[in-house]
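A.B. asks: Would you mind keeping the following structure in view while I ask a few things?
The values are calculated or read from the model by the stated rules, or taken from the named source; none is laboratory data. Because the structure is a prediction, the values reported are computed rather than measured. Here the Cβ positions follow ideal geometry from the backbone for every residue, glycine too, while neighbour counts run over all protein chains shown. Note: accessible area is taken over every heavy atom of the protein model, side chains too, but ligands, DNA and RNA are not part of it. Shrake-Rupley method; radii C 1.70, N 1.55, O 1.52, S 1.80 Å.
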Amino acid sequence: MLCFAFFSWYPMVREFLLAFQKTESGQSTWVGFDNLVTVVNDPAFWQAWRNTLLFTVLALVFGFVVPFVVALVINEFHHGQGYLRLLVYLPVMLPPVASVLLFKYLYDPGYGLLNELFRFLHLPEQQWLQDPDLSMLSVVIASTWMNMGGAALIYLAALQSIPGELYEAAELDGAGLFRKIWHVTIPQTRLILSLMLLMQVIATMQVFVEPFLLTGGAGPEGSTTTVVYLIYQYAFNFNNYGAAAALGLLLLVLLAGFSAAYVKLSRAEDE
Amino acid sequence: MRSARFRRTRRASAVTLVSALTLTALAACGTSSSSNNGSGGSEGGGSSDPTAPLDPKTKVTLTIDCMPPAAKAAELKEWKEDVAEFNKTYPNVTIEGRSTPGQCLEPPRFTAMLKAKSQPDVFYTYFTDLPQVLSENGAADITAYVNDKSVPLLKDIDPNVLGSLKQDGKLYGLPTSNYTMGLLVNRKLFKDAGLNPDAPPRTWDEVRTAAKKIAGLGNGVAGFGEYSAGNTGGWHFTAQMYSIGGEVVDASGKKAAFNNELGKQVAKNLHAMRWEDDSMGKTQLLQWGDLQKQIATDKLGMFLAAPDDIAYMVQQLGAKYENFGMGPIPGEKNTLAGGNNYMIKQGISGDKIKAAVAWLNFKNLTVGKGQFDWARTKQDALPVGVPQPNFWLNDSKAKDDAARVANATMPVENFKSFMDNPVAGKAEPPKAQEVYKVLDNVMSGLLTNKDADIDKLLATAEAQVNQVLATQ
């Protein structure tokens, strides 16, 4: 209780207060919505939201679908499942910074492995992290590789709890692979899929480490500036804790709204 | 059942609340005690006259940050020797050094420290930190404590350097080191490319020509390198603007001043070097530390740097001093100047401030002593000969320069071009980090986009910087 009070609840309350205060000469004064106005007027504000939403959408396309497909494939193997599970989970065990730096080397336009491969295949080389149109996608790919192991194992556990009779019944009805997935697998794992979707949206909206290490945070022409990176800039590089708290509050409100909508939707579906 | 659960919840809430209040009270006591007594040294209450010397009967304990960490054994040995020698004159002053592994001042940690008011009695800052420190009421006004008795060589310190530590005529710190930016060159690559390493390029046209020749060596070698991430791209764009006589923010401090012919000149030159000449390497979005690694491994011919970058490259990256040289910043109209210093925590006693000034004078501001004891530095196998710090004037400069040359551990003639052609230093713009954040986009746009629209990049950045400056 005490740990939560001091390391979680108190900072949350303090952040809420800071969002409406300005601290100068050691004195905090109430400034109403000034911090929010400052944040909204920041030229990087809308760009950061656009980039964060783009990351979230791309991370869902890759980070949501890929682990599910991987889990489906592993589930089909009758031998060596333990080995495959370990293989998929290995990247999660690497320290995130090490994984990101690994990708930084892979993406290097000069000596990076990916461009070496492209050269070998006579394909045009790419500026993975240095092309404003490609940089966010490159960040998402690295992030997906780093994080998909955990999600894949959860999906796999959900898949293995589906009774085999359902598939047998579907087969008797003449269902092929895709119809079995659509009519049996997805409905049976709907709950876990929804939960993972919610958790992934909440996590991906707070993306920081990957762009910070891969592109220095902002990226080419600001193309990987995310909301949390902007919060970091306000707090630690511009010494403006009020603005950082205000932007954090906006993010909190958005995520809380999303969570509430999710809860309402799932209740409506249950009814 | 419901009522029992309600009672349990209420009791738990009460316990939490009481515990929270108790801990808050304890924390408050801790803060108060720390701000009154600093690190717990007993104070006897010497003269309240700030110009009077520290009363030898008054016992003072000072906490000071940036003591060298154990990994820097030679520097730590020198620190301890300096404390022992200082204590011969001031046996009543106890110095408690605090060290940090790695970089002594990291902006995020520094900001948090100021917010929490947990800085030591004597704390390390960069020149550009003054507004931030003052906005947090972090530093004491030491004007009355600093005079020709407490700091005998005060008159020989470059007034521009002292000016960086003043606001409204009040002095808030004493310098440790200062720098002006120049052009750092890799002598080996210069020779390999048929260039004269003793005469680094003096104009941006010469830089472009030399970069092309060096990049022509192949094997992934770049001729000239620049930053474009982590706000360091904006920092160097500013340096380049200064070098050709431009500004980034106008004199009023309210308007951007780079969307003009000079700004376009900087941008076009960089874009042409990157994309027409292919002399800046393929890997971009670089920030502080990246170019040093490239030049230390003979993969980069030159970049804009402060002289102490060489010490970092030798001590941390295993490079050799003789492989590097330095010239003035190309263009030579102005150069970005900066440095670091110590400030004294606001709220500590007058005796502590006197003791702190005495220590800083001994350690950092006495020719032949402390950091300027070059004979000892050489003996300890540390570098001597880098033209930094460079804040002495008059007799002190002559004596210090002679001592550096006499004890040099590196070929000081490699810095001759830099030393013989001093360029006027210019401070960073207001709201530097926020302006640099915007200008990072200009740099990354130029260096990562072959089809970059220079006019658009500068116009967008101008509008954004104006927006940043309008919210001061």
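A.B. asks: Every residue in region B:445-472 that is among the β-branched types (Val, Ile, Thr) and touching a Ser or Thr at 6+ places or on another chain (Cβ under 8 Å), please.
C.D. replies: Residues satisfying the conditions are B:Thr448, B:Thr471.
A.B. asks: Across region B:129-151, which residue is nearest to the other protein chains (Cβ to nearest Cβ) among those that are hydroxyl-bearing (Ser, Thr, Tyr) and surrounded by fewer than 18 Cβ atoms within 10 Å (Cβ to Cβ)? It would help to see each step written out before you state the result.
C.D. replies: Initially, region B:129-151 is screened for residues hydroxyl-bearing (Ser, Thr, Tyr), giving B:135, B:143, B:145, B:150.
With the extra rule that they be surrounded by fewer than 18 Cβ atoms within 10 Å (Cβ to Cβ), the set shrinks to B:135, B:143.
On the way: B:Ser135: 5, B:Thr143: 18 Å.
Restricting to residues being hydroxyl-bearing (Ser, Thr, Tyr) and surrounded by fewer than 18 Cβ atoms within 10 Å (Cβ to Cβ), the top hit is B:Ser135.
A.B. asks: Go through (1) open to solvent by 10 Å² or more (accessible area, probe 1.4 Å); (2) at pLDDT below 95 and name the single condition B:Val221 misses.
C.D. replies: Result: B:Val221 fails condition (2) only.
A.B. asks: Something else about it: State whether one or more residues within region B:93-105 are within 20 Å of B:Asn361 (Cβ to Cβ) and within 14 Å of chain A (Cβ to nearest Cβ).
C.D. replies: The answer is no, given that none of the residues of region B:93-105 is within 20 Å of B:Asn361 (Cβ to Cβ) and within 14 Å of chain A (Cβ to nearest Cβ).
A.B. asks: Then there's this: Let me confirm something: among B:Val468, B:Val442, B:Val435, B:Val386, which residue is under 26 Å from the mean Cα position of the chain (by Cα), away from every other protein chain (no Cβ under 14 Å) and hydrophobic (A, V, I, L, M, F, W, C)?
C.D. replies: Numbers: B:Val468 fails: away from every other protein chain (no Cβ under 14 Å); B:Val442 fails: away from every other protein chain (no Cβ under 14 Å); B:Val435 fails: away from every other protein chain (no Cβ under 14 Å).
On inspection, the qualifying residue turns out to be B:Val386.
A.B. asks: I've got another one for you. Please count how many residues of region B:130-146 are modelled with pLDDT under 95, out of contact with any Gly (no Cβ under 7 Å at 6 or more places or on another chain) and either farther than 11 Å from B:Leu114 by Cα or part of a loop (DSSP other than H, G, I, E, B) (or both).
C.D. replies: Going through region B:130-146 one residue at a time, the tally reaches 3.
A.B. asks: Can you name the residue in region B:228-239 that is open to solvent by less than 10 Å² (accessible area, probe 1.4 Å) and more than 9 Å from chain A (Cβ to nearest Cβ) and is also nearest to A:Leu230 (Cα to Cα) among such residues?
C.D. replies: So the residue we want is B:Gly234.
A.B. asks: Anything in region A:10-20 that is modelled with pLDDT of 90 or more and either over 19 Å from A:Leu247 (Cβ atoms) or more than 12 Å from chain B (Cβ to nearest Cβ) (or both)? List them, or say none. Break it down into steps so the answer makes sense when it comes.
C.D. replies: Narrowing region A:10-20 to residues modelled with pLDDT of 90 or more: A:10, A:13, A:16-20.
Once the filter is applied, which keeps residues that are modelled with pLDDT of 90 or more and either over 19 Å from A:Leu247 (Cβ atoms) or more than 12 Å from chain B (Cβ to nearest Cβ) (or both), region A:10-20 yields A:Tyr10, A:Phe16, A:Leu17, A:Ala19, A:Phe20.
A.B. asks: Spot the failing condition for B:Ala199; the list is (1) more than 14 Å from chain A (Cβ to nearest Cβ); (2) closer than 25 Å to B:Glu428 by Cα; (3) in contact (Cβ under 8 Å) with a residue 40 or more places away in the chain, and only one is missed.
C.D. replies: All conditions are met except number (2).
A.B. asks: For region B:95-121, give me each residue that is part of a strand (DSSP E or B) and of a type in the set (Asp, Glu).
C.D. replies: Once the filter is applied, which keeps residues that are part of a strand (DSSP E or B) and of a type in the set (Asp, Glu), region B:95-121 yields only B:Glu96.
A.B. asks: Name the residues in region B:177-192 that are over 20 Å from B:Pro422 (Cα atoms) and either open to solvent by 20 Å² or more (accessible area, probe 1.4 Å) or β-branched (Val, Ile, Thr) (or both), would you?
C.D. replies: Across region B:177-192, the qualifying residues are B:Arg187, B:Lys188, B:Lys191, B:Asp192.
A.B. asks: When you go through (1) more than 17 Å from the chain's Cα centre (by Cα); (2) in contact (Cβ under 8 Å) with a residue 24 or more places away in the chain one by one for A:Asn237, which number turns out not to apply?
C.D. replies: So the condition that A:Asn237 fails would be (2).
A.B. asks: Further question: Cβ-Cβ under 9 Å, sequence separation 6+ or interchain: first residue in region B:440-456 and farther than 16 Å from B:Asp277 by Cβ and in the same structural domain as B:Leu262 (by TED's automatic domain parsing), partner basic (Lys, Arg) and open to solvent by 30 Å² or more (accessible area, probe 1.4 Å). Which pairs?
C.D. replies: B:Gly445/B:Lys456; B:Ile454/B:Lys264; B:Ile454/B:Lys268; B:Asp455/B:Lys264
A.B. asks: With the condition kept exactly as written, say whether any residue in region B:152-164 is among the hydroxyl-bearing types (Ser, Thr, Tyr) and either within 14 Å of chain A (Cβ to nearest Cβ) or more than 24 Å from B:Asp65 (Cβ to Cβ) (or both).
C.D. replies: No, that holds for no residue.
A.B. asks: Going by the conditions given, is A:Ala48 at the interface with chain B (Cβ under 10 Å from one of its Cβ atoms), of a type in the set (A, V, I, L, M, F, W, C) and touching a residue at least 12 places away in the same chain (Cβ under 8 Å)?
C.D. replies: For A:Ala48, the condition - at the interface with chain B (Cβ under 10 Å from one of its Cβ atoms), of a type in the set (A, V, I, L, M, F, W, C) and touching a residue at least 12 places away in the same chain (Cβ under 8 Å) - is not met.
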